[in-house]
Amino acid sequence: MSTALVTGSSGLVGSEAAAYFADLGFEIHGVDNNMRMDFFGEGGDTRARRDELLAGLRAYTHHDIDIRDRGAVDRLVATLRPTLVAHCAAQPSHDLAASRPFDDFDVNAAGTLNMLEAVRRHAPDAVFCHLSTNKVYGDAPNELALVELETRFDYADEKFRNGIAEDFRIDASTHSLFGASKLAGDVMVQEYGRYFGMKTVCFRGGCLTGPNHAGVELHGFLQYLIKVAARGGTYKIFGYKGKQVRDNLHSLDVCRAMHAFFKNPRPGEVCNLGGGRGNSISILEAKAKVESLTGRELAVEYVEQNRVGDHICYISDLSKLRAHYPDWDVSVPLDRIFEEIYEGVSGAKK
């Protein structure tokens, strides 16, 4: 039986990966110490999702390990010698990174290095899938010429019609400390692929989302927005008139990309991974869409200052991923993502 080691296994993508690969017959070992609750408080608590995996997956074993603990990581990988590593654990917030820079870097950069080196020593033939982020490009995408439409910003240059590709520059921009720590991990994953010949991939995610997200104000835009709308709260919009655009990808499609790479791995691969233009939406558009689901207006508070390093318009160019892995494409449309999240936070069924 193949073994998958999933870090951040109680989180959005990690828990989806655990269930997805268990269905394929993998023995699953999850690593998660619920640090999301430490970062974000009760709203970030992922223990309920951990308990669902333990109850629902016969081939699932949970390890309450901090990926910053180099020795513990090394011992676990030496024992398991996994076939697949889905490295989904991260500190994911711009704002929190600024207030806790050491924790941010130690998780995103050093924790990733701990995983890579343990795999190199004990399971060098394993496939290593790393969940990176579009924030590795910093705010350089904001330098592109944009057009302001009624409800969103969009690229003025037809060259970027499909979005941002992997050759977009990563230097001379403001990343936020979070973006910088994720970039450090991203480059290290590439280097272990190129230098040591390991089967590594960096998936540079757009807005990865789904009903199992523990969304909070500082991270998990879409699930948090829908949760606020369903429960009658007030949603804060930070700058850009609410016309900032994100492309959203269901966590299932993230796992399908991992699976595609697992079947045909390459050393040091880099792929942008998001919903593409078809699953792109602005905050104003998301507000209107969720209002149609709830049947009532969403209360909003507008904050003039945008978040540091935040993208005005970001759409993932999926051309490379589709070319290298033609069996993969976006399978969950945006409307269905909204419906699933709404059903999850409200108990409603459409």
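What is the number of the single condition among (1) modelled with pLDDT under 95; (2) over 23 Å from LEU177 (Cα atoms); (3) polar (S, T, N, Q) that THR83 does not meet?
(1)
Give region 6-32 a look and list any residue that's surrounded by 20 or more Cβ atoms within 10 Å (Cβ to Cβ) and either free of Cβ contacts under 8 Å to residues at least 24 places away in the same chain or not hydrophobic (A, V, I, L, M, F, W, C) (or both), or say none.
THR7, GLY8, SER9, SER10, GLY11, GLY14, SER15, GLU16, TYR20, HIS29, GLY30, ASP32 - these are the residues of region 6-32 that are surrounded by 20 or more Cβ atoms within 10 Å (Cβ to Cβ) and either free of Cβ contacts under 8 Å to residues at least 24 places away in the same chain or not hydrophobic (A, V, I, L, M, F, W, C) (or both).
Given (1) outside any helix (DSSP H, G or I); (2) under 17 Å from PRO92 (Cα atoms), where does SER15 come up short, assuming only one miss?
(1)
Name, by its number, the condition in (1) in contact with a Leu (Cβ under 7 Å, 6 or more places away or on another chain); (2) at pLDDT below 95; (3) part of a loop (DSSP other than H, G, I, E, B) that does not hold for ARG58.
ARG58 satisfies every listed condition except (1).
Just to be sure before I move on: is TYR342 among the hydroxyl-bearing types (Ser, Thr, Tyr), in contact (Cβ under 8 Å) with a residue 12 or more places away in the chain, more than 20 Å from GLY206 (Cα to Cα) and buried (at least 22 other Cβ atoms within 10 Å of the Cβ) in the structure I sent?
Yes, satisfied.
Checking ARG50 against (1) over 15 Å from ASN212 (Cα atoms); (2) assigned to a helix (DSSP H, G or I), only one condition comes out false. Which one?
Against the list (1) over 15 Å from ASN212 (Cα atoms); (2) assigned to a helix (DSSP H, G or I), ARG50 comes up short only on (1).
Within region 258-269, is there a residue that is free of Cβ contacts under 8 Å to residues at least 60 places away in the same chain, surrounded by 15 or more Cβ atoms within 10 Å (Cβ to Cβ) and either under 30 Å from ASP125 (Cβ atoms) or out of contact with any Cys (no Cβ under 6 Å at 6 or more places or on another chain) (or both)?
Taking every residue of region 258-269 in turn, none turns out to be free of Cβ contacts under 8 Å to residues at least 60 places away in the same chain, surrounded by 15 or more Cβ atoms within 10 Å (Cβ to Cβ) and either under 30 Å from ASP125 (Cβ atoms) or out of contact with any Cys (no Cβ under 6 Å at 6 or more places or on another chain) (or both).
Would you mind stating whether PHE178 is among the aromatic types (Phe, Trp, Tyr), closer than 24 Å to SER93 by Cβ and crowded, with 18+ Cβ neighbours inside 10 Å? Spell out the reasoning first.
Values: among the aromatic types (Phe, Trp, Tyr): yes; closer than 24 Å to SER93 by Cβ: yes; crowded, with 18+ Cβ neighbours inside 10 Å: yes.
Judged against the criteria, PHE178 is a match.
So if I check each of GLY111, GLY163, which one is buried (at least 21 other Cβ atoms within 10 Å of the Cβ), more than 30 Å from MET35 (Cα to Cα) and in contact (Cβ under 8 Å) with a residue 12 or more places away in the chain?
Just a single option satisfies the conditions, and that option is GLY163.
May I ask you to list the residues in region 68-81 that are under 17 Å from VAL189 (Cα atoms) and not in a helix (DSSP H, G or I)?
Selection gives ARG68 alone.
From the residues in region 313-329 that are surrounded by fewer than 21 Cβ atoms within 10 Å (Cβ to Cβ) and of a type outside the set (D, E, K, R), which one is nearest to PHE168 (Cα to Cα)?
Here is the first cut: in region 313-329, the ones surrounded by fewer than 21 Cβ atoms within 10 Å (Cβ to Cβ) are 319-320, 322-329.
This time we only want the ones that are of a type outside the set (D, E, K, R), so: 319, 323-326, 328.
On the way: SER319: 14, ALA323: 18, HIS324: 18, TYR325: 21, PRO326: 22, TRP328: 22 Å.
Applying the filter and picking the extreme gives SER319.
One residue is enough: does region 218-236 have a residue meeting the conditions touching a Pro at 6+ places or on another chain (Cβ under 7 Å) and more than 24 Å from LEU321 (Cα to Cα)?
To start, the set of residues in region 218-236 that are touching a Pro at 6+ places or on another chain (Cβ under 7 Å) comprises 219.
Narrowing further to those that are more than 24 Å from LEU321 (Cα to Cα): 219.
Within region 218-236 (the criterion being touching a Pro at 6+ places or on another chain (Cβ under 7 Å) and more than 24 Å from LEU321 (Cα to Cα)), the answer is yes, since at least one residue qualifies.
Among the residues of region 97-104, is any under 21 Å from GLY11 (Cβ atoms), touching a Leu at 6+ places or on another chain (Cβ under 7 Å), hydrophobic (A, V, I, L, M, F, W, C) and surrounded by 14 or more Cβ atoms within 10 Å (Cβ to Cβ)?
yes
Please enumerate the residues belonging to region 205-237 that are in contact with a helix residue (DSSP H, G or I) (Cβ under 6 Å, 6 or more places away or on another chain), among the β-branched types (Val, Ile, Thr), assigned to a strand (DSSP E or B) and at pLDDT 90 or above.
Within region 205-237, THR209, ILE237 meet the criteria.
Of the residues ASP32, ASP51, which is more than 20 Å from LYS227 (Cα to Cα), within 16 Å of the chain's Cα centre (by Cα) and among the acidic types (Asp, Glu)?
Exactly one of ASP32, ASP51 is more than 20 Å from LYS227 (Cα to Cα), within 16 Å of the chain's Cα centre (by Cα) and among the acidic types (Asp, Glu), namely ASP32.
In this structure, does ILE337 turn out to be at pLDDT 95 or above, buried (at least 22 other Cβ atoms within 10 Å of the Cβ), within 18 Å of GLY242 (Cβ to Cβ) and within 19 Å of the chain's Cα centre (by Cα)?
So ILE337 fails the test.
Please go through region 62-95 and pick out each residue that is of a type in the set (S, T, N, Q) and surrounded by 16 or more Cβ atoms within 10 Å (Cβ to Cβ).
Start the filter on region 62-95 by keeping residues that are of a type in the set (S, T, N, Q), which leaves 79, 83, 91, 93.
Of everything in region 62-95, those that are of a type in the set (S, T, N, Q) and surrounded by 16 or more Cβ atoms within 10 Å (Cβ to Cβ) turn out to be THR83, GLN91, SER93.
The values are calculated or read from the model by the stated rules, or taken from the named source; none is laboratory data. Remember, predicted model here, so these are calculated numbers, not experimental data. With ideal geometry, Cβ positions are generated from the backbone for all residues, glycine too; neighbour counts draw on all protein chains shown.
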